[in-house]
1. What do you get for the angle between helix 150-163 and the principal long axis of the chain? Use alpha-carbon atoms, 0 to 90 degrees, nearest ten.
2. May I ask you to evaluate 6.51 cos²θ - 1.76 cosθ + 1.60, the Karplus curve with θ = phi - 60°, for each residue of segment 345-356 and list the ³J(HN,Hα) values in order in whole Hz, giving x for glycine and proline?
3. At a probe size of 1.4 Å, how large is the accessible area of residue 135, to the nearest 10 Å²?
4. Could you do me a favour and compute the accessible area per residue for the chain, 1.4 Å probe, result in Å²?
5. Taking the Cα centre of segment 157-231 as origin and charging only Cβ (+1 Lys, Arg; -1 Asp, Glu), how large is the dipole, in debye to the nearest 20?
6. For residue 397, list long-range residues whose amide hydrogen, built 1.01 Å from N in the peptide plane, is under 5 Å from its own amide hydrogen.
7. Suppose accessible area is computed on protein heavy atoms with a 1.4 Å probe; arrange 368, 335 from highest to lowest.
8. Can you give me the % of accessible surface on the chain that is carbon or sulfur? Probe 1.4 Å, all protein chains present, nothing else counted.
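The values are calculated or read from the model by the stated rules, or taken from the named source; none is laboratory data. Since the structure is predicted, the reported quantities are computational estimates derived from the model, not experimental observations. Here the Cβ positions follow ideal geometry from the backbone for every residue, glycine too, while neighbour counts run over all protein chains shown. What goes into the accessible areas is simple: the full protein's heavy atoms, side chains included, and nothing from ligands, DNA or RNA. Shrake-Rupley method; radii C 1.70, N 1.55, O 1.52, S 1.80 Å.
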Amino acid sequence: MNRRWHSWVSVVLGAGLAVGAAAQTIKPLRIGLIGPFTGPSADFGIPMLNGAKLAVDEINAAGGYLGRPLELVVKDDTANPDVGLQHSQDVLKEGVVGTIGFCNTGVAMKSLETFQTAKAPLIVPCATGTPITAKYPAPESYIFRTSARDGIQAPFVVDDIVSRGWTKVAIFADKTPYGEGGLNDVVKALASKNLQPVYVARFDLGVKDLQTELKAAQAVGANVVFSYTVGTENAVIAKGRQALKWAVPQVGAWPLSFPFFMDGAKEAAEGALMAQTFIAEPSNERRISFLSAYARKYNTKKITVPMAAAQAYDTVYLLTYAILSIRDGNLSGPSVKAALEAMPRIYYGVTATHERPFSKDDKDAITSNMLVMGLVKNGAVTFAYPEDRTRNLFVQRKR
């Protein structure tokens, strides 16, 4: 751990070391963790799990929660909404102080009521569907998020493509809740520019051929393809464009940084642009520390989906900061909710500098100024603009 970065955590958590050997018998503080660790979404579920584990290891090395080690209660939702719902119900029976969960918007949406009804805080580190934090009125909501909702990703990308002169937009969105929400967000962002899509294609997950739809988009003069899907379908779109020799850019939200796209589309993915909160380059001290620690722990030089790992890592720290601010030892759901909404200390994170990331009226920690545009280059994601690399030396705060 960087000493300056985690100075407050080290001091406060270190107080727990005074319990000495007795700490081994103290009941752990349990945190739920739900995500797709097997199945079609495991490419970003596994890094989410790994990022959370890395943070827990660091916190426990500094003494845990006042001498109590943190313990993750891990549940694999396999990207299936019904499985996710069952695990949500199960994890709440295991005495967790909070739950970190969900990579897939559809899985998250099915489980929100479980946490809200139980008055049990849920922090979403990956799923980005706008409705997740909009389902309940913010003051009463127990649903928090540390990923960038599509309601800010879509306008961020639209701003970029319009500035480049790409205003004839074809939208390709899958039929999942994620695709539906993303489509709505892109249409709304275009409308704010007095634009509308020239073509819209909807498709099922697992589709292998979108040539007919791509030809139709080409025929109406689209000069950019905005895709909204999380799996192999992004690569189907890219390879379809390549086969048609249709040299228009493909842009989208963060799934264009996933292996399903870059490995599946290979050279057809080159030049794709997407919104990112974190690019796995050593652009500042915090990121160097995180990337080095991740590489050592998991013996790898490459994180399959870096954003998922970094956001989950930060989420564990934010939850820990919140519970450490509770002075009377009351770790009930309402107490933890109130602590998350009024965190007194700044958390110098990997994805952002989190100063009061949540409030009673705002359950989303990420704002658009924290985003950068990523670019697929030589099979990896880098900064699309040199000035973003420079700006990234200073991790952004919420606006």
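1. 40 degrees
2. 3J(HN,Hα) across segment 345-356, in whole Hz: 10, 7, 9, 8, x, 7, 8, 6, 8, 8, 10, 6.
3. 90 Å²
4. Values: 15620 Å² over 399 residues.
Per-residue accessible area for the chain comes out at 39 Å².
5. Dipole size: approximately 200 debye.
6. 353
7. Details: 368 60, 335 25 Å².
The most accessible residue leads, giving 368, 335.
8. 53 percent
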